[in-house]
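Undergrad: I have a structure I would like to understand better, so I am pasting it below and will then ask my questions one at a time.
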Amino acid sequence: MSFLNFFKKKKDEPSKKSEKNTHPPKPNISTEMVAARKGEIGEYKIDIQLDQLPKDILYLSDLLIENKKAKSGYSQIDHVILSPYGIIVIETKNYKGTIYGGKERNTWLVNGKFKMMNPFVQNYGHIQALKTLVDLNHKEIFISMVSFTKRCTFKVGVDYRKITSDELLVYDIELSEFIHRKISTLKLQHKEPLLSSDDISIIYKRFSNANIADAKIRERHTQALKNQTINEVTNQPFTCAKCHKPVSAKVRSYCLSKQKFKGEIYCFDHQKAIK
Ligand SMILES: [Zn+2]
């Protein structure tokens, strides 16, 4: 599907399930960090990269599938790549700044201050949810990939950047390069494809069928994430950095979206004090 068709489809049939389901309607927010996702420009660039993958590779974007183990009851999965040599599950992040993290850490830091859940822990949950939809012999072929925009700098250790790793951290602009390199590496390791083209179509159909396209459920899910007032990492309410009064989800989103607050959250009164 072309770039223009995507816009057309989105405009013409906002709630109807897309036939091929490659690009279901995209809600405006991501998973846990509403404000961290600034527009969808990065997402479109990723879609263009994915559209250019070889013909034997299928992909799906913005899946919302039921997941009883998730707090919200759902997993929202940004992209899934179905290749003959493995299934790559991609989580995209739009944070800005220096990302500090590591494999052994459940909590990562943005600019040394703002806590985020280790995105690979989050994506592991997504992969577990997808695994329930594939046959037993296809459960061990998942690769976890997390993509950040170029507005970030990684301080995460080298392991996530090694192509042999099954957990890869990439910048959005190098996403297709990493997908190609990863698949080539897997090809060398396995010689024989792990999935036939029939397997790939079957899995594609199962993932499409599991996707919740219902606009009302999607909207409810989006709202539930937007209204989070508890930091899932610390399990504490979000509070003002100056007076420590709890703030609403709206205030938190607003502060995180403003560069001048440098990743801090302030109550209404203290926002005025920040130049
Ligand atoms: Zn305050």
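The values are calculated or read from the model by the stated rules, or taken from the named source; none is laboratory data. Since the structure is predicted, the reported quantities are computational estimates derived from the model, not experimental observations. Cβ coordinates were reconstructed from backbone atoms using ideal geometry, including for glycine residues, and neighbour counts include every protein chain displayed. Ligands, DNA and RNA are excluded from the accessible area calculation, which covers all protein heavy atoms including side chains. Shrake-Rupley method; radii C 1.70, N 1.55, O 1.52, S 1.80 Å.
Undergrad: For region 135-171, which residues satisfy the criterion of being basic (K, R), in contact (Cβ under 8 Å) with a residue 24 or more places away in the chain and either closer than 17 Å to I183 by Cβ or touching a strand residue (DSSP E or B) at 6+ places or on another chain (Cβ under 7 Å) (or both)?
TA: If the condition is that a residue be basic (K, R), in contact (Cβ under 8 Å) with a residue 24 or more places away in the chain and either closer than 17 Å to I183 by Cβ or touching a strand residue (DSSP E or B) at 6+ places or on another chain (Cβ under 7 Å) (or both), then K155 is the only one that fits.
Undergrad: Follow-up. Quick one: I77 ticks every box in (1) of a type in the set (V, I, T); (2) surrounded by fewer than 22 Cβ atoms within 10 Å (Cβ to Cβ); (3) at pLDDT 90 or above except a single one, so which number is it?
TA: It is condition (2) that I77 fails.
Undergrad: Any residue at all in region 181-188 that is of a type in the set (S, T, N, Q) and more than 16 Å from the ligand (Cβ to nearest atom)?
TA: Yes; the residues of region 181-188 include at least one that is of a type in the set (S, T, N, Q) and more than 16 Å from the ligand (Cβ to nearest atom).
Undergrad: Evaluate region 254-268: report whether one residue or more is within 16 Å of the ligand (Cβ to nearest atom), basic (K, R), in a helix (DSSP H, G or I) and modelled with pLDDT of 85 or more.
TA: Within region 254-268 (the criterion being within 16 Å of the ligand (Cβ to nearest atom), basic (K, R), in a helix (DSSP H, G or I) and modelled with pLDDT of 85 or more), the answer is yes, since at least one residue qualifies.
Undergrad: Assess whether K250 counts as being within 16 Å of the ligand (Cβ to nearest atom), open to solvent by 60 Å² or more (accessible area, probe 1.4 Å), modelled with pLDDT under 85 and not assigned by TED's automatic domain parsing to the domain that holds N137.
TA: Answer is yes for this residue.
Undergrad: Residues that are among the hydrophobic types (A, V, I, L, M, F, W, C) and under 16 Å from the mean Cα position of the chain (by Cα): which strands (runs of 3 or more DSSP E) entirely in region 71-180 hold 2 or more of them?
TA: Per the criteria, 74-83, 86-93, 114-117, 142-148, 167-171.
Undergrad: Name the residue, out of T107, T132, T98, T92, that is touching a strand residue (DSSP E or B) at 6+ places or on another chain (Cβ under 7 Å) and open to solvent by 40 Å² or more (accessible area, probe 1.4 Å).
TA: Going through T107, T132, T98, T92 in turn, just one is touching a strand residue (DSSP E or B) at 6+ places or on another chain (Cβ under 7 Å) and open to solvent by 40 Å² or more (accessible area, probe 1.4 Å): T107.
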